[in-house]
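Report on the following structure.
Read the figures in this text as sums done on the coordinates, not as results from a lab. Computed from a predicted model, the values in this text were never measured in an experiment. Methodologically, a virtual Cβ is constructed for each residue, glycine included, from the backbone with ideal geometry; neighbour enumeration extends over all protein chains shown.
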Amino acid sequence: MARALINVPRKAQRGEVIEIKTLVAHVMETGYRRDNVGNPIPRDIICRFLCTYNGVEVFRAALFPAVAANPFLSFFTVATESGTLEFQWTDERGNTETATATVEVE
Amino acid sequence: MDNTPQDAAATRRKFLTAVGGWVGSFAVGPTVIVRPAAATPASLAAAIGEVVGDTPVRQGKVRLELPPLVENGNAVPLTVSVESPMTEAEHVTNIHIFNEKNPQPNVLTFYLGPRAGRARASTRIRLADSQKVVAIARLSDGSFWTDSVDVVVTLAACLEDLR
C-alpha cells in the first residue's frame, strides 16, 4: 500500500510517558473530487489505525475523509517494558500496512 | 351548438399555462442554492447525538487546539487533550472530532485507555470552509465533555460537489 514513517524514542525510563509520531503515505481520496476530464475520482480512505505494545492495544483511531492526505497521528503511551510497538493502517478495501518500532526500557 | 368541446379545450389550455407558469416561478428559485453533500449544523447535531445519546455534554476538561486562521484547508494541524489522570479507574475512553461544513460531519475518533498515559493526540485534517470544529471526549465514568473552536479558512480543501 504505502510507506510509513515512525518516530519513537529509542530508550525510555520505566513508567515514562513517551510520544509516538506516525506518518503514512496515502492519498486519502475523499470521493468528492473529479479528475481533469470530469469523471469522479473513486474514494480511497484509510479508515482504521491501531497501535499495539507487545501485543496489547494502546491506541486506536477511526479515520474519515476529513483527515488530510498522508495521515499523521501523534499520541502517547507509558513505557512499561522493553519491546516492540506495532502499527497497522487499514484502508476501506481491506489492505493493511504495518510497521514496527522497538523501545528499550531501563 | 357543437362548440362546447372547443370552448372546453381553450379554457383548459389557458388554465394549464396559467397554473404552469405560477408553479414554475416557485420551483426555479430555491433549487439554485441546494447543495447535496454538506454537513450542516443539523447533521453535526445528529452525528453528535449518535455518539452521546441522551447523556448531557458538559463544557470543560477538553482542550481543542487549531490555528484560528488557516491558510490551507487541506492540512490543518489539530491537537486535542483532556484533563485526566489516565489510571485504570479514571481515564478517557474515546475522543470524537466533528465539523460543521465538510461533506461529512465526522473527522476522526481516537480510542485511548489507561495504557496511553496521557490523553493527548494530534493529527492533520481537511476543512472545506470557515467553520466550527467540535471535540467530544468520553470518560471511563460515562460522562461526556466538549470543546469547540471556530476556524477561518482562506483556501478551502478541494471539494467539487458530485451531483
Next item on the list: Just order B:120-128, B:53-61, A:35-43, A:71-79 by mean Cβ neighbour count inside 10 Å, highest at the front, would you?
Entry: B:120-128, A:71-79, B:53-61, A:35-43
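Please state the shape class of chain A: rounded when a/c is under 1.5, otherwise prolate if a/b exceeds b/c and oblate if not, all from the C-alpha gyration tensor.
Prolate.
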Note to self: Please list, ordered by chain and number, the residues whose modelled amide H lies under 5 Å from the amide H of residue A:47; skip anything fewer than 5 residues away on the same chain.
What the structure shows: A:90, A:91, A:92
Notebook entry, point to check: Under the definition of partner shielding as Cβ atoms of other protein chains within 10 Å of a residue Cβ, what is the mean value for peptide B:120-133?
Noted result: 4
